[in-house]
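Only one structure is covered here, and it is reproduced in the block below.
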Amino acid sequence: MALGAGDCERLHGGLIAQPVNTASALAYVAVGAWLVGRRQVGFGVAVAAAGLGSVDYHGPGSPAARLLHDGGLYAVVGLVAWREVARRARRARLTPRGRAVYRLALAAALAGAVCWWAGRTASPWCDPDSLLQGHAAWHLLGAFALAAWSVAVLGPGRQ
């Protein structure tokens, strides 16, 4: 099965197999760069790597695309899980603003998960030729959720 074949958008020949999903994956690269600028370097590099892996996965599909895509995703999920476990073990509380932003991050992540599910190739909502792709919405909402989570939990300038 071709990379991205389960993500609804029609596969095209040439350098970019899925233009909408490829372009939307750049949101992770942008958020990763923003995080590095906030001195959240480790997390920012992981988010940017997930984005670059996703660009490769939905775009040119190099031999390393699946490894880069999945490895970046696992690194981001692992770092978030690690921070959440550590935060809860310390019983660290979020500020009122932090709680509101945290809820926003959770809502974006949930909406993104719904878009991912609804954007699958077998979904009744799949239109492979549409510019509105559920998987692309998953990329955009996921990147936003990671940015909001970092603001809520990591705060300014901390790893």
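Looking at Trp82, Trp125, Trp116, just one residue is crowded, with 16+ Cβ neighbours inside 10 Å and out of contact with any Leu (no Cβ under 7 Å at 6 or more places or on another chain), and that residue is Trp116.
Of Gly14, Gly42, which residue is out of contact with any helix residue (DSSP H, G or I) (no Cβ under 9 Å at 6 or more places or on another chain) and surrounded by fewer than 21 Cβ atoms within 10 Å (Cβ to Cβ)? Quick ask: steps written out before the conclusion?
On the way: Gly42 fails: out of contact with any helix residue (DSSP H, G or I) (no Cβ under 9 Å at 6 or more places or on another chain).
Testing whether each residue is out of contact with any helix residue (DSSP H, G or I) (no Cβ under 9 Å at 6 or more places or on another chain) and surrounded by fewer than 21 Cβ atoms within 10 Å (Cβ to Cβ) leaves just Gly14.
Just one of the listed residues (Val101, Val114, Val151) is under 21 Å from Asp70 (Cα atoms), at pLDDT 95 or above and β-branched (Val, Ile, Thr), and it is Val114. Being crowded, with 21+ Cβ neighbours inside 10 Å and out of contact with any Gly (no Cβ under 8 Å at 6 or more places or on another chain) is the filter; apply it to the range 50-75 and report the residue that is farthest from Ala147 (Cα to Cα). For the range 50-75, the residue satisfying everything is Gly59. Total residues in the range 50-72 satisfying the condition of being modelled with pLDDT of 95 or more and among the aliphatic types (A, V, I, L, M): the figure is 3. If you go through the range 114-159 and keep only what is part of a helix (DSSP H, G or I), farther than 22 Å from Val85 by Cβ and among the aliphatic types (A, V, I, L, M), you end up with Val114, Ala118, Ala136, Ala137, Leu140, Leu141, Ala143.
The values are calculated or read from the model by the stated rules, or taken from the named source; none is laboratory data. Small disclaimer: the values here were computed from a predicted structure and weren't measured. No Cβ is skipped: glycine too gets one built from the backbone with ideal geometry, and neighbour counts run over all protein chains shown.
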